[in-house]
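**Student:** Below you'll find the structure I mean.
Values quoted throughout were computed directly from the atomic coordinates according to the rules given, and no laboratory measurement underlies them. These numbers were taken from a predicted model, which means no experiment stands behind them. As a convention, Cβ positions derive from the backbone with ideal geometry for all residues, glycine included, and neighbour counts pool all protein chains shown.
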């Protein structure tokens, strides 16, 4: 998850300079979902899912685990992410 104060353009998403774990990875932008408005009691969030494919040499420093797409429901997923995935055929 990446939080920004303003919406990012495709070029900025591919670069993602503020995401340290992707710094040295080659990235291929696969898809971007439409923006979804999510209202909480204390803030309004405008979110979208961004599917980036990384090269096999991408070193994620053992901070992440790889899971199969069909296993995502075995993990705690924020409701907003779940809705985005459902609406865009990712779940």
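**Student:** Per DSSP H run of at least 4 residues, take -39500 (n - 2.57); add these up for the chain, divide by its residues and hand me the 222 nm value, nearest 500 deg cm²/dmol.
**Tutor:** Result for the chain: -4500 deg cm²/dmol, rounded to the nearest 500.
**Student:** I need the calculated FRET efficiency for the pair residue 5 and residue 69, taking r as the beta carbon distance and R₀ as 30 Å, to the nearest 0.05.
**Tutor:** The computed FRET efficiency comes out at 0.50.
**Student:** Semi-axes, largest first, in whole Å: what does sqrt of 5 times each Cα gyration tensor eigenvalue give for the chain?
**Tutor:** 22, 18, 13
**Student:** Next question, about the same structure. Taking springs between alpha-carbon atoms closer than 10 angstrom, which of 54, 33, 73 fluctuates most in the Gaussian network model of the chain?
**Tutor:** Answer for the Gaussian network model of the chain: 73.
**Student:** What is the gain in length, in nm to one decimal, between residue 15 and residue 46 on full extension, counting 0.36 nm per residue of separation less the C-alpha to C-alpha distance?
**Tutor:** Taking 0.36 nm per residue and subtracting the Cα distance, the gain is 9.1 nm.
**Student:** Another question, then. I want to check the label-to-label distance for residue 88 and residue 27. Put each point 7 Å from Cα in the C-beta direction and report it in nm to one decimal.
**Tutor:** Each label point is offset 7 Å from its Cα along the Cβ direction, giving 1.4 nm.
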